Amino acid sequence: MNDSKPLMIKELPQEERPREKMLAKGAQALSNSELLAILLRTGTKHDSVLRVAERLLKKYEEMGVAALASLAPQELSKIKGIGPVKAVTIVAAIELGKRLNSLSSADKPVIRAPQDAANLLMARLRYEPREHFIIILLSTKNHVLATPTISIGSLNASIVHPRELFREAINHSAAAVILVHNHPSGDPTPSSEDTLLTRKLIDAGKILEIHVLDHIIIGDNKYVSLKEKGIIN
């Protein structure tokens, strides 16, 4: 970190501001400091909120971000730029994450058939005005680990890159994935581009030994499974 005056959030390009970035790309696209900055909301007279977040992470960099899980509000509030309110907000967010992470496998959704995958994301995708490409990350027993958004916009091979997709799978130690995207027209009929992209991602998954089980296309309260249609094996 250099000694130059830090840019305030309002001085950053809009696509680099944490809140706008989350809305455009999803929470998974944000760094640890950007996620913390959203919780902190404001910086100080001399430091941007991102600089305050970076200062917090740097203080515990030897232990990594996991160090935050054991800190009390009183300890956090000793850091310049973090008062009691901000400290309590951070601890509350971490506690919520702990509770979500502690859910047993029985509490997590299980994907047994294409209908299960479609039901999981139908409400989230059916009315979206743009195409959202999401992956369902699965454990060895097909419990849902996460459903990160990989891209938003027109669906093509340059936007949905295997590198970004399988990075998420590796980060979550997923055994398999299901591809899901919506057609804003409401018609879930797969296009030739959908099929080509699916086969490309299946081939990439084979190299990494991460099985691509299916590609679900969501329409207006209806879906198509490329697996069920026999388009992929």
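FYI, it's all coordinate maths here, none of it is from the lab. Computed from a predicted structure; not experimentally measured. Virtual Cβ from ideal backbone geometry, glycine too; neighbours counted across all protein chains shown.
In terms of modelled amide H atoms, which long-range or inter-chain residues lie less than 5 Å from the amide H of A175? Residues meeting the amide H criterion: L138, S139, T140. Taking a straight Cα-Cα cut-off under 21 Å and skipping sequence neighbours fewer than 8 places away in the same chain, the lysines within cross-link reach of K25 are K10.
Evaluating 6.51 cos²θ - 1.76 cosθ + 1.60 at θ = phi - 60° for every residue in the range 212-223, the Karplus couplings come out as 8, 6, 6, 10, 9, 10, 9, x, 7, 6, 8, 8 Hz, glycine and proline recorded as x. Placing unit charges on the Cβ atoms only, positive for Lys and Arg and negative for Asp and Glu, gives the chain a dipole magnitude near 600 debye about its Cα centre. Counted by Cβ distance under 11 Å from R55, the other residues give a net charge of +1, where Lys and Arg count +1 and Asp and Glu count -1. Compared with the rule-of-thumb size 2.2 N^0.38 Å for a compact globular protein, the range 107-225 has a Cα radius of gyration ratio of 0.96.
Note that the chain shows a convex hull volume over its alpha carbon atoms of 152 Å³ per residue.
Between A72, I159, M122, the Cα set farthest toward the positive side of the dipole of the chain (charges on each charged residue's Cβ, about the Cα centre) is that of A72. With 29 Å as the limit on Cα-Cα distance, the pairs of K98/K141; K200/K229; K21/K227; K78/K108; K59/K108; K58/K141 that go past it are K21/K227; K78/K108; K59/K108; K58/K141. Taken over the range 132-188, the ratio of Cα radius of gyration to 2.2 N^0.38 Å equals 1.16.
Our coupling estimate for the range 134-149, obtained by passing each phi through the Karplus curve with A = 6.51, B = -1.76, C = 1.60 and θ = phi - 60°, is 10, 10, 9, 8, 10, 7, 5, 9, 6, 6, 6, 8, 5, 9, x, 8 Hz, Gly and Pro reported as x.
Considering the range 9-101, its Cα convex hull presents a mean projected area of 6.1 nm².
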